Amino acid sequence: MEQTTKKNGFASGIGFVLAAAGSAVGLGNLWGFPYKTSANGGAAFVLVYILCVLFMGSIAMISEIFIGKRAQSNTVTAYKKIKKKMGWIGLLVIAVPTIIVCYYTVLGGWTLRFAVNSFQGANGLSNATSFVSFTADPIVPVVFTVLFMALAALIIMAGVKNGIEKYSKILMPALFIILVGIVIFSLTLGPGTESGLAFFLQPDFSELGFDGVVAAMGQAFFSLSLGMGTMIAYGSYTGKEIKLGKSAMMICIFDTLVALLAGLAMFPAISALMGEEFLLGLGAGASGPGLIYVVLPQVFSAMGGVGQFVSFAFFAMVVIAALTSVISIMEVSVQFIIQRFKTNRKKTTLIVASVCSLVSIPIAWSVGGAFDGGLNLFGYDFLTFLDEIANTLLMPLGAFGACLGVGWFIDKKLTANPMKTLRSLREEGVELGVFMKIYAVMVKFITPILILFVMLSGIVGKVGENGPSYWWIVGAGVLIVAFLVLAYFKFFYKTDCGENADEEKLEKTKA
Ligand code: PFF
């Protein structure tokens, strides 16, 4: 295992890959991917998703890790180091995950509750019957949300090497083992599993519309944690010990593998125990909580006594996945605040976690339907509203920025000239062996165009699908971007926003 001499950062290449995979593997894989597959007709969606990972995800992944590795700093400084005027994208990719963490922890809290509640037998309190009453309660989901946040905060406080890396190295293999176990169990449930398998593996393109393609792209970015600063932040904690292309590929492959295994774990079990009519449109409705919080608990309950253990294993696994993601989501803002304002890691984490917890309370009420569902924005619950802004607008914008930065602006003299891009990328330290030329063309032209195209058509499609109320979501997204651009040029453009070495210095002066 390669060791680095860097103090503040990942101790090993594999530690980085596992932490980044920990960020990538989350609710997106274990819940979002299967329910979107189900909503978009099955295997055809899976195929398009894989293409999105290949042609957009992997290119953005390499670019983001590279931006971080090159800058050894938080995302604002990292973009400033590419081009000073691009620094606002660094701020955008701090804001997006910070918005996400406020609702992601609500779902993390639900998952935690479902894990600890797994052993309730068949009564009114069991997971299979209590989803609505639990989520609509004004207190209990909030308690679980805060608890979940506290768990993540504790790990971040311990630092990159002794917290994030250490726990990822334990939690990720654990998650994988549990998942493989559940897949094997699910595939051996007997008659009825075949139709679930066929639904997941035999493409039928008549079921996939263009909105499915857009959903696949959004899902790929979300699942790979792209366009949200996390891969830049984690990349910044690496050095010469990692091989850029190889690490990026490993993260993409692992993330996709987990999503595929999640599908293999669920669809055969659902068709075997509930009937194949359940396969299509699982978790339909706003944000699809149906799949893992309503349908799966019924599947577990149909398994009899053993179902309680399978339920516990499943939800514990989802908690692990969500936890390692939340850690990475919060690290982006924690890193920036520490470096820009020279604050200490523990206090910064505490403040960020407390503020996000406060924001998550009304979100929990809104999405759970507490207070008779009175809390909503233009007819959308707060979670859906924020998730739409992040997924359809801000995340693709962040990923677009990363490709643009590397493809066009990294080296002022050379990169802008298409004929010299390759040389400039090499001089900058992008080493991708035989894939170098493909990467250069992709990052410069194809991936950004694809992202932009799918993003714009996504907006148009969503407006068509949801009606004019969707413009409020688009408007809110545009306002957020405008606000961040202004804030950047007013407060951060001229100021030094710090780098990783600053945290080391801070630690030294303390010691
Ligand atoms: N990639 C995570 C998932 O699939 O659940 C979610 C996520 C992680 C979103 C990191 C945002 C982020 F910054």
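The values are calculated or read from the model by the stated rules, or taken from the named source; none is laboratory data. Since this is a predicted model, take the numbers as computed values, not measurements. Cβ coordinates were reconstructed from backbone atoms using ideal geometry, including for glycine residues, and neighbour counts include every protein chain displayed. Keep in mind that these areas ignore ligands, DNA and RNA; they rest on the heavy atoms of the full protein, side chains included. Shrake-Rupley method; radii C 1.70, N 1.55, O 1.52, S 1.80 Å.
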Sort the following peptides by mean Cβ neighbour count (other Cβ atoms within 10 Å, averaged over residues), highest first: 445-457, 199-211.
445-457, 199-211
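Where a ≥ b ≥ c are the square roots of the eigenvalues of the C-alpha gyration tensor, would you call the range 72-196 rounded, which needs a/c under 1.5, or, failing that, prolate if a/b is larger than b/c, or oblate?
It is prolate, given that a/c is not under 1.5 and a/b is the larger ratio.
Given a cut-off of under 8 Å on Cα pairs at least six residues apart, what relative contact order in percent is computed for the range 364-493?
Numbers: 89 pairs, mean separation 33.2, N = 130.
Relative contact order, the range 364-493: 26 percent.
From the square roots a ≥ b ≥ c of the eigenvalues of the alpha-carbon gyration tensor of the range 173-243, which class results: rounded (a/c under 1.5), prolate (a/b over b/c), or oblate? Mind dumping the intermediate values first?
On the way: a/c = 3.83, a/b = 1.44, b/c = 2.65.
Since a/c reaches 1.5 but b/c is at least a/b, the shape of the range 173-243 is classed as oblate.
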Could you state the accessible area per residue of the chain in Å², with a 1.4 Å probe and every protein chain left in place?
38
Report the trypsin sites (Lys or Arg not before Pro) located in the range 409-493 that are in a DSSP loop and have at most 15 other Cβ atoms inside 10 Å of their Cβ, or state none.
Lys412, Lys413
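Grab the other residues whose beta carbon is less than 11 angstrom from that of Phe492, score K and R as +1, D and E as -1, and report the net. Please report the intermediate quantities before stating the final value.
Details: positive: Lys80, Lys84, Arg340, Lys490, Lys494; negative: Asp496.
After counting each charged neighbour, the total is +4.
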Each label point is 7 Å from the Cα along the Cα-to-Cβ direction; what then is the distance between the points at Ala501 and Ile446, in nm?
3.9
Of the heavy-atom accessible surface of the chain (probe 1.4 angstrom), what whole percent is carbon and sulfur?
71
Can you give the helix-only mean residue ellipticity at 222 nm for the chain, where every DSSP H stretch with n ≥ 4 adds -39500 (n - 2.57) and the sum goes over all residues, rounded to the nearest 500 deg cm²/dmol?
-21000 deg cm²/dmol
Enumerate the calculated ³J(HN,Hα) couplings along the range 218-228 in order (Karplus 6.51 cos²θ - 1.76 cosθ + 1.60, θ = phi - 60°), each rounded to whole Hz, writing x wherever the residue is Gly or Pro.
x, 4, 4, 5, 4, 5, 8, 6, 9, x, 9
5 Å binning of all Cα-Cα separations within the range 1-81, expressed as whole percents from 0 upward:
3, 12, 14, 20, 17, 12, 10, 7, 3, 1
Summed residue charge, Cβ within 15 Å of Trp472's Cβ, Lys/Arg positive, Asp/Glu negative:
-3
Kirkwood Rh over alpha-carbon pairs of the chain, then Stokes-Einstein at 37 °C and 0.692 mPa s: what D in µm² s⁻¹, rounded to an integer?
143
Peptides ranked, highest mean first, by Cβ atoms within 10 Å: ranges 13-20, 141-148:
13-20, 141-148
Between Val478 and Leu51, what length in nm is gained on full extension when 0.36 nm per residue of separation is reduced by their alpha carbon distance?
150.9 nm
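Over the range 231-378, what portion of Cα pair distances is larger than 20 Å, expressed as a whole percent? Provide the component values of the computation, followed by the final result.
Values: 7285 of 10878 pairs.
Counting every Cα pair in the range 231-378, those more than 20 Å apart make up 67 percent.
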Tilt, helix 140-157 to longest principal axis of the chain (alpha-carbon atoms), in degrees rounded to tens, equals 30
Tell me whether the range 283-365 comes out rounded, prolate or oblate; compute the Cα gyration tensor, take square roots of the eigenvalues as a ≥ b ≥ c, and use a/c under 1.5 as the rounded threshold.
prolate
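Treating only the Cβ of Lys, Arg, Asp and Glu as charged (+1, +1, -1, -1), what charge dipole size does the chain show about its Cα centre? Round to the nearest 20 debye. Display every interim value, and only then the final one.
Values: 35 positive and 28 negative charges, 530 e Å.
In debye, rounded to 20, the chain gives about 2540.
Among 251-262, 168-179, what's the highest-first ranking by average C-beta atoms within 10 angstrom per residue? Display every interim value, and only then the final one.
Numbers: 251-262: 22.2, 168-179: 18.4.
Descending packing order for the listed peptides: 251-262, 168-179.
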For the range 1-157, what mean projected area does the convex hull of the alpha carbons give, in nm²?
13.3
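On full extension of the chain, what length is gained from Phe453 through Phe489, given 0.36 nm per residue of separation minus the C-alpha to C-alpha distance? Don't jump to the answer; show the numbers that get you there.
On the way: separation 36, 0.36 × 36 = 12.96 nm, distance 2.81 nm.
Using 0.36 nm per residue and subtracting the Cα-Cα distance, I get 10.1 nm.
Quick one: compute the contact order of the range 45-144, relative version, from alpha carbon pairs under 8 angstrom and 6+ residues apart, as a percent. Mind dumping the intermediate values first?
On the way: 58 pairs, mean separation 14.8, N = 100.
Relative contact order here is 15 percent.
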